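Here's the structure, in structure tokens; my notes come after.
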Amino acid sequence: MRDRPVILAGLALLLLLLTAPFWLGAVAHTGSALPAIPRAKGAHCVRPVAWMRKNHMKLLMRVRYEAVHEGIRNRQESLPGCISCHVSRLADGKYPSVTSSKFFCNACHQYVGVRIDCFSCHSNRPGSGAGTVAQSGGEARLVALAAIGNPAIVPPRVAGGSSTARRRREAPWRWP
Amino acid sequence: MRAIHYREIDGSGGFWALVGLLALLLAAGLTAAYFMEHIGHIITGMSNQVVWGMPHVFAVFLIVAASGALNTASIASVFGRVAYKPLARLSGLLAIALLIGGLAILVLDLGRPDRLGVAMTHYNFRSIFAWNILLYTGFIAVTGWYLWVMMEQRLNRHSRMVGTVAFLWRLILTTGTGSIFGLLVARQPYDEAIMAPMFIVMSLAFGLAIFILVLMAACRAGARPLGDETLMRLKNLLGAFAAGLLYFLLVFHLTKLYEAKFSGAEAFILWRGGPYTVLFWFGAVFLGGVLPMLLFWLPPMRRSRAAVGWGSVSVVVGGLALVYDVVIGGQAWPLSIFPGMQVSSSFYDGVVGYYAPSLPECALGLGGCALAVLITLLALKLLPFLPETLADEGN
Amino acid sequence: MAMTGRPAAPRGTGHEVDEDRRRFLGTAALSALVVAPGVSLLAFAEGQGRKQGASARTRWGLLIDTTKCKSSCTACVTACSSYNGWKNEGRPTDPQWIRKVQVTDPETGVSRSVPVMCQHCAKAPCVEVCPTGASFKRADGIVLVDRHICIGCRYCMMACPYKARSFVSEEISGQKPWAPRGKGTVEGCTLCVDRIDAGQVPACVQACAHEGGRAMTFGDLKDPASEISRALAEFPSVQLRADLMLDPGVQYQGLP
């Protein structure tokens with residue numbers, strides 16, 4: 001067994017390499033500041049903030065299923081609804097780039113290293129009400145505005161509350 | 001019947017050079033896939049008219065050939081022909097390798113290959129495509145099991161049972177692959193149930209041709225004897241499969257010619273389609289069927305090994321031409337949304353779809369082929385798949 | 001959740017807004033003024049909002065009278081493109097959710113300009129062939145692509161007899177908030193599903209009514225009193241590729 005030291009060294013190296021993300025992460029995060037989360041426009045979120053921090057993805061997954069498959073559209077509880085409240089113009093009057101850390105979702109997602117691909121398809125800035133066809137009347141414009149997520153403020157809903165939507169079944173599928 | 005001794009192949013300098021070359025091809029394919037995903041399919045020749053391109057030609061060819069490569073093993077285990085037994089392991093190995101190569105192309109061509117997990121967890125069981133995902137992965141598992149049973153002496157007695165499962169599985173698999181096209185009622189060049197059995201005959205021919213070529217190359221490079229009797233037996237089988245393919249092509253097109261609704265599409269493939277017509281007659285019919293039969297059976301070449309090799313190459317080239325003709329030619333023919341009418345639009349209605357394969361697509365396709373050969377080579381090197389000698393009995 | 005009543009159904013060609021809806025919005029606006037300053041009308045409407053989604057009691061359909069459709073007019077195409085944010089720059093890779101096909105009878109020479117989009121089949125081949133179920137049909141008959149689970153295999157494009165779907169083959173930006181679309185997935189006419197859910201008619205129908213020849217009628221095929229059902233009862237109409245028996249929700253009148 002002359003090879004024993006070589007084998008053990010190789011195994012140790014492999015172990016080190018396999019766990020590298022943890023070590024590197026630990027080194028990178030020591031002393032670094034917590035993410036700076038951009039302020040939202042409204043006074044309240046659609047759910048308590050603590051609940052949202054932990055569960056926003058569950059809410060998004062459910063409303064996504066309901067909107068796309070069942071046609072149940074809730075203006076506040078939708079991705080455009082989130083965007084219209086959470087994405088604001090920066091000091092220079094422009095919206096933050098979807099890749100910058102000033103973009104609401106990125107503040108945390110870049111910090112924890114969780115990649116999202118929502119915005120490869122979804123608009124990353126608040127809708128303007130441009131949803132109407134040019135000639136449509138006032139009423140049509142009103143409704144179109146509603147459909148794109150109005151930044152209005154609603155009283156917060158408590159998790160597990162009486163929302164009809166909450167009683168609906170969860171989406172039958174999940175991300176792997 | 002003497003005992004068969006299997007042995008790994010030797011890794012000479014030539015072997016590693018070939019491995020290096022294939023690895024380069026594979027790297028080129030992966031690079032192409034990377035750009036196709038990051039820039040988008042805009043860098044390929046595919047469009048909204050021809051939605052499946054060169055990657056699908058290679059993928060369909062490899063997948064079809066994969067199930068056919070298992071023939072030799074099936075003949076040995078299921079139909080009990082002892083003469084084929086020494087070849088059975090290589091046959092199973094090739095089947096797995098070709099299928100993995102084809103699947104890799106198919107997956108990397110997806111618009112969202114990052115969502116492979118979705119494809120594995122969301123099944124629409126009305127979709128023949130979803131069934132194929134299960135059939136393909138299942139085929140790899142069943143053939144792997146079959147190889148194990150063949151290679152582990154204690155389990156040898158089960159090889160007939162497992163071989164039968166693998167044989168039935170491959171028939172269903174190729175039926176599924178043919179049905180991907182055969183069930184498309186929207187497109188006149190497809191829409192024919194006979195495409196399922198036709199794909200089976202295609203698989204028999206393509207798979208055996210590749211098997212013969214790999215066997216000849218491996219025996220030659222490893223200086224292992226390969227008996228005339230073995231080779232001529234395989235040759236006659238391939239000739240019969242090539243004839244079968246011609247027969248199916250004949251029936252397929254006669255059926256279609258007989259139905260008025262297909263006449264436009266048939267005229268396109270058979271005489272007015274420019275490159276697609278050439279591919280059909282020169283590629284599929286001549287190279288894929290007629291030439292191999294001449295090479296195999298014309299009296300002066302009856303015992304020629306070179307003729308066997310070139311005949312197999314001809315089947316492979318003709319097969320690729322046929323698959324290209326089916327996949328691309330079938331899409332190039334415009335949809336008939338308003339039958340009997342003249343149509344024109346900004347969306348190329350009524351116009352033959354234009355398609356020219358791009359470099360990334362070809363790189364991806366060749367990368368898949370390289371992967372298949374690479375798997376085969378490395379497996380041959382690591383495990384005893386190939387007998388020490390395939391010399392004829394009594395020599 | 002009980003699906004009581006039909007969702008507020010937009011009918012006709014875009015001028016008429018559903019009566020119930022108008023009343024409801026009026027009441028909501030009034031109450032909002034009284035009850036909660038600072039809570040907007042729409043937030044209120046949302047709070048009490050219609051929660052019922054697409055219902056199988058409805059089947060949305062489109063009737064296109066090609067005798068009223070002029071070859072030179074592209075109002076429907078332009079409206080769809082600008083509302084949903086897709087651009088056709090004339091390349092074969094560009095998406096076209098709706099297009100005008102000039103159809104000519106080679107014998108009589110009769111020629112019509114025909115808008116063709118997703119036909120929203122009851123037995124849609126794209127739904128049948130989709131391996132992941134991303135291509136699906138809503139309860140109210142609208143055929144959509146759930147681009148969250150579309151893997152971009154394009155089998156639906158192979159299967160569709162109407163060439164109604166496009167593949168997004170490059171990075172895009174500036175999507176409309178109500179019409180998400182992105183690289184690597186397949187898309188097509190949604191019948192402006194977000195507008196329908198908000199009680200409006202599709203953009204093409206509205207544009208045709210205002211700038212076009214009023215050739216498009218949108219409505220509920222299952223409601224015998226709807227404008228589309230009455231028009232279908234009165235004049236003969238055809239479905240494209242009726243031989244395939246896919247039962248499209250889009251029907252045509254006056255084809256050559």
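What follows draws every value from the coordinates through simple rules; no lab data is involved. Only a predicted model underlies this, so the values are computations on that prediction, with no experimental measurement involved. Neighbour counts are summed over all protein chains in view; Cβ atoms, including those assigned to glycine, are modelled from backbone coordinates with ideal geometry.
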Reciprocal of mean inverse Cα separation for chain B (Kirkwood radius, Å)
21.8 Å
Among B:I200, B:I63, B:I140, residue whose mean-square fluctuation peaks in a GNM of chain B (springs only between Cα atoms under 10 Å)
B:I140
Charge dipole of the stretch C:192-247 about the Cα centre (unit charges at C-beta), most positive-ward option of C:G213, C:L232, C:P202:
C:G213
Can you pull out the trypsin sites (Lys or Arg not before Pro) in the stretch C:109-206 whose DSSP state is coil and whose Cβ has at most 15 other Cβ atoms within 10 Å?
C:K123
Residue-wise HN-Hα coupling along the stretch C:127-142, computed from phi with Karplus coefficients 6.51, -1.76, 1.60 (Hz; x: Gly, Pro):
6, 4, 8, 4, x, 9, x, 5, 8, 9, 10, 6, 4, 8, x, 7
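Taking the Cβ of B:A95 as the center, what net charge do the other residues with Cβ under 15 Å away carry, scoring Lys and Arg +1 and Asp and Glu -1?
Working: positive: B:R89, B:R170; negative: none.
Charge balance near B:A95 sits at +2.
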Among B:I133, B:I39, B:I75, which one shows the biggest mean-square fluctuation in a GNM of chain B, springs joining Cα atoms closer than 10 Å?
B:I39
Rg (Å, one decimal) plus Dmax (Å, integer) for the alpha carbons of the stretch C:88-198?
15.1, 47
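By how many nm would the segment from B:M161 to B:H38 lengthen if fully extended, with 0.36 nm per residue of separation less the alpha-carbon distance? Don't skip to the end; give the middle numbers.
Values: separation 123, 0.36 × 123 = 44.28 nm, distance 4.64 nm.
Between B:M161 and B:H38, full extension yields 39.6 nm more.
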Going toward the positive end of the dipole of the protein assembly as shown, with +1 on Lys and Arg Cβ and -1 on Asp and Glu Cβ, which of C:T78, C:A134, B:V82 do you reach last?
C:A134
When N counts the residues of the stretch A:1-123, how does its alpha-carbon radius of gyration compare numerically with 2.2 N^0.38 Å, as a ratio?
1.53
Phi to ³J(HN,Hα) by Karplus 6.51 cos²θ - 1.76 cosθ + 1.60 over the stretch C:227-244, Hz, x for Gly, Pro
4, 5, 5, 5, 5, 5, 6, 7, 10, x, 9, 10, 9, 5, 6, 4, 4, 7
Counting only residues 5 or more places away or on other chains, whose amide H sits under 5 Å from the amide H of C:V114 once H atoms are built in the peptide plane?
C:V101, C:Q102, C:V103
Go ahead and estimate [θ] at 222 nm for the protein assembly as shown from helices alone: -39,500 (n - 2.57) per DSSP H run with n ≥ 4, summed, over the residue count, rounded to 500.
-14500 deg cm²/dmol
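Would you please name the chymotrypsin sites (Phe, Trp or Tyr not before Pro) within the stretch B:112-142 that are DSSP coil residues with at most 12 other C-beta atoms within 10 Å of their C-beta? Present the calculation step by step, with values, prior to reporting the outcome.
On the way: sites: B:Y123, B:F125, B:F129, B:W131, B:Y136, B:F139; in loops: B:Y123, B:F125.
Qualifying residues, ordered by number: B:F125.
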Going residue by residue through the stretch C:55-68, the Karplus relation 6.51 cos²θ - 1.76 cosθ + 1.60 with θ = phi - 60° gives ³J(HN,Hα) values, rounded to whole Hz and with x marking Gly or Pro, of 10, 6, 6, 10, 10, 6, x, 9, 10, 10, 8, 5, 5, 9
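How much net charge surrounds C:F235 when only the other residues with a Cβ under 13 Å from the Cβ of C:F235 are counted, with Lys and Arg +1 and Asp and Glu -1?
Overall, the nearby charge balance is -1.
Å³ per residue of the Cα convex hull, for the stretch C:60-253? Walk me through the numbers on the way to the answer.
Working: hull volume 25.4 nm³, N = 194.
It is 131 Å³ per residue.
Looking at the stretch B:312-395, which GluC sites (Glu not before Pro) are DSSP coil and have at most 15 other C-beta atoms within 10 Å of their C-beta?
On the way: sites: B:E361, B:E388, B:E393; in loops: B:E388, B:E393.
Counting only loop positions with at most 15 other Cβ atoms within 10 Å, the GluC sites (Glu not before Pro) in the stretch B:312-395 are B:E388, B:E393.
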How long, wide and thick is the protein assembly as shown, going by the Cα atoms along their three principal axes, in whole angstroms, largest first?
105, 83, 46
Cα-based Rg of the stretch C:159-216 normalised by 2.2 N^0.38 Å, two decimals:
1.34
What does the charge count near C:V193 come to, summing +1 for each Lys or Arg and -1 for each Asp or Glu among other residues with Cβ under 10 Å from its Cβ?
0
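Mind putting a number on the dipole of the protein assembly as shown about its Cα centre? Charges go on the C-beta only, +1 for Lys and Arg and -1 for Asp and Glu, and I need it in Debye to the nearest 20.
Values: 79 positive and 51 negative charges, 415 e Å.
The calculation lands at about 2000 debye.
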Have a look at B:A265, C:S173, C:M117 and report the one farthest towards the positive end of the charge dipole of the protein assembly as shown, computed about the Cα centre with Cβ charges (Lys/Arg +1, Asp/Glu -1).
C:S173
